[in-house]
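This report refers to the structure that appears directly beneath it.
The values are calculated or read from the model by the stated rules, or taken from the named source; none is laboratory data. For clarity, every value in this text was computed on a predicted model and none was experimentally measured. Virtual Cβ from ideal backbone geometry, glycine too; neighbours counted across all protein chains shown. Accessible surface is based on the protein model in full, side chains and every heavy atom, while ligands, DNA and RNA are left aside. Shrake-Rupley method; radii C 1.70, N 1.55, O 1.52, S 1.80 Å.
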Amino acid sequence: QVQLVESGGGLVQSGGSLRLSCAASGLPFSNLRFNWHRQAPGKEREVVATIISLVNVTTYADSVKGRFFISSDNAKNTVYLQMDSLESEDTAVYYCSTYWGRNYWGQGTQVTVSS
């Protein structure tokens, strides 16, 4: 059974930091591309960052480049999103996803940044 479980969201002031976690199970973790997405009310879902652990390939959306950092721990089968210098525009539900024959999604974790 494939399962992705996000955690780490919460309420933070502008300029603060949060670290999100995506714990994966039931799949070949290091070979797959994992993605962090976010969706705010009234806005389209966007890909924030991606990682392929095996080859250490990462990508970032321009809106978060230099502020957000994606990483992974293969031993823990966990992907992280370190979010620094948070802004009110970063407020959204953040989701973890991957593709292994089909798309898998986590339940999402709410990030709220107060200005």
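Okay, here's what the table says:
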| item | result |
| --- | --- |
| Where labels lie 7 Å past Cα in the beta-carbon direction, separation of Q39 and N74 in nm | 3.3 |
| Inter-label distance, nm, simple model (7 Å from Cα along the C-beta direction), Q3/S88 | 3.8 |
| Segment 1-84 shape via C-alpha gyration tensor axes, a/c threshold 1.5 | prolate |
| Chain lengthening between T58 and E46 when straightened (0.36 nm per residue, less Cα-Cα) | 2.8 nm |
| Added length on full extension, which subtracts the Cα-Cα distance from 0.36 nm per residue, S14 to W105 | 30.0 nm |
| Among 58-64, 88-94, the order from most to least packed when residues are scored by Cβ within 10 Å on average | 88-94, 58-64 |
| Within the accessible area of the chain (1.4 Å probe), percent carbon and sulfur | 46 |
| Accessible area per residue, Å², the chain with all protein chains present, probe 1.4 Å | 53 |
